[in-house]
1. Please go through (1) assigned to a loop (DSSP other than H, G, I, E, B); (2) outside the structural domain of residue C:284 (by TED's automatic domain parsing); (3) out of contact with any strand residue (DSSP E or B) (no Cβ under 9 Å at 6 or more places or on another chain) for residue C:66 and return the number of the only condition it doesn't satisfy.
2. With B:125, B:117, B:154 as the choices, which residue is within 8 Å of chain A (Cβ to nearest Cβ) and out of contact with any helix residue (DSSP H, G or I) (no Cβ under 6 Å at 6 or more places or on another chain)?
3. I'd like the residue in region B:157-175 that is at pLDDT 95 or above and either within 16 Å of residue B:46 (Cα to Cα) or assigned to a loop (DSSP other than H, G, I, E, B) (or both) and, out of all such residues, is farthest from the other protein chains (Cβ to nearest Cβ).
4. For residue C:124, are the conditions met, namely being surrounded by fewer than 23 Cβ atoms within 10 Å (Cβ to Cβ), more than 17 Å from the chain's Cα centre (by Cα) and touching a residue at least 40 places away in the same chain (Cβ under 8 Å)?
5. How many of the residues in region C:129-150 are within 14 Å of the chain's Cα centre (by Cα) and facing chain A (nearest Cβ under 7 Å)?
6. So residue A:257 ticks every box in (1) closer than 27 Å to residue C:326 by Cβ; (2) surrounded by 15 or more Cβ atoms within 10 Å (Cβ to Cβ); (3) within 14 Å of chain C (Cβ to nearest Cβ) but one. Which box is left unticked?
7. Within region B:25-52, count every residue that is within 14 Å of chain A (Cβ to nearest Cβ) and in contact with a helix residue (DSSP H, G or I) (Cβ under 9 Å, 6 or more places away or on another chain).
8. Determine which member of the set A:180, A:206 is in contact with a strand residue (DSSP E or B) (Cβ under 8 Å, 6 or more places away or on another chain) and at positive phi.
């Protein structure tokens, strides 16, 4: 039985006269997903993807839709978009297998380059969390002792967070997953249901790949370091805490951190002629 | 007792699941499905953690049907194939399809809205006791599922077994 | 009115330009061109600069119609760049400053590019893509610094293009990049090349070693033409540059892009960046080869801004440095 035949059988015109005949199904392609997304809530318009919030199979779901970039050669664009969609879901599964929290994948449409992911409820980005903690800390600088205590608590809280980030990245690198785009926006802090602590969830694996090379892991940390320090001013000490925790948690950290030093130096030593 | 969910992506398609216990005519049902007399997928419920698994499989099957990329010959067989973590079709049928001696059956029908008569007609062919679909979790053979899907304990520290299963189903074509 | 003369010679161009309150009065330049297959060596380049610098200086003054007495400040490139050519040019700048009794000002070469771009295009607060033979950076201004948001983690894009040109023996006259651009227009077949973006950073060494290895084989087997290779290389590396620029824009919430540096006058790069900007509702600013390519006026312009904000360089501090990061400079002339 052909698929068209089957659809016709399942939904005979008798039951639903508005239904198109099976023969008209083929050209429909996968415009269905983009069409569906028009009714969804757009949460973020990124450089290469739009992120929507919606219900899918009755569950709260995030849809990441990669769109084509017209400035790129068609062949390159198609290849990159497809590759990044595939890499993203592969790395997510690899992380989850190792017990590293990442959103579950519900559905992938490779023709419209859409990934349907579990929505991480009760969460905020690490970026927002650090920013708001820093802000409320600086507000209290000239206030009472009580507030200084609060500032101290907030500082400890951030240090604990940095430690958590270091641990999770160590675990990820030990699985040979290179994230490729580590920023504090690509990590979510998820509060547990009864508000007993919180855990980290990694997202946005579009530039990720698998590699065991310390060089690749070092560059991964270098990318994070730059993003971290440029997004959050005056956090050099906090980032050091993160690296310390990474170093304590990863089995292969010494080679990676050596590479990180090398990559940093490369930036400063590059000849820069011209 | 039926569990009905419209596929949001394909609003013309609705999925209804019906769970039966103490089934006495599994072999006959299976033959009917093969012959096309039952227009539904017959699934072994012990391999299901949750009805959501079936929805994910059905959604993917309808999607692949529309773009002409199904791996099997019919929508119903595609649903069964999609439940499996591997790309081996006969293995998928063996594990996730109904076998002749099965005492429980999950019957899955993809249909248009408001087709209660169609559903009743299909259900009438089952010689068994219908129970709420949610009861499927009582039938799940978790050990077997964990083994087949290769779910290690550490994975269940960061998510549910259902998530682990669904993820593998969704991604298997690129693994 | 403030008149600043700028001396630039950090690589294979020697240029002297004069700026009077935003007006380019003169900007003569010479380029040291090497035979196909060869790069420029520091000592040969310095020798070239030494041989022509006084002629260029005379041209600059004559074209501007000024006498040394009309000049308020002598700016020169402090770095980054090649040691020997930098020293040669700084020496001349120091000498004329003392002869004319004018203050000296050491200028960061990259800042020169940025300030010249801002002057010519009137871009207000752009995300800057600085692309040349030695630099590949995505820069945005914040809190008194030009901060580097993205950059190459190995070689510069211009270096990648130049070295590719050497592999397949493309002429260095007027520049390898220009010739690649012209050949690319005749290419049609897109050959897949490594594409490496890491966060807001890029890497070109993988593409270069791939193409160094494969280019001559692909050409001799007739798999593709040299034009196809030029085309594919440009499409690939420029797509990477546009991608990290867009990432930086999204990160900083910026709606303007300014392209500067020698590679920045490539029309295909400008075209691709333009498409990206269109899609984001952003505005693209670019300049042509007169100001994209290293020149004296850009050093004069950055010097003009610095001088007006009260900076001068004492004689004993007027050294040069081969490494001088864009973000080391405190920007005293912007809010």
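The values are calculated or read from the model by the stated rules, or taken from the named source; none is laboratory data. Owing to the predicted nature of the structure, the values given are computational and were not obtained by experimental measurement. A quick note on method: Cβ atoms are made from the backbone with ideal geometry, for glycine too, and the neighbour counts reach across all protein chains shown.
1. Only one criterion in (1) assigned to a loop (DSSP other than H, G, I, E, B); (2) outside the structural domain of residue C:284 (by TED's automatic domain parsing); (3) out of contact with any strand residue (DSSP E or B) (no Cβ under 9 Å at 6 or more places or on another chain) is unmet by residue C:66, namely (3).
2. Unique residue meeting the criteria: B:154.
3. Once the filter is applied, the top-ranked residue is B:161.
4. It is true that residue C:124 is surrounded by fewer than 23 Cβ atoms within 10 Å (Cβ to Cβ), more than 17 Å from the chain's Cα centre (by Cα) and touching a residue at least 40 places away in the same chain (Cβ under 8 Å).
5. Summing the residues that are within 14 Å of the chain's Cα centre (by Cα) and facing chain A (nearest Cβ under 7 Å) in region C:129-150 gives 4.
6. All conditions pass for residue A:257, except number (3).
7. The number of residues fulfilling the criteria is 11.
8. The unique qualifying residue is A:180.
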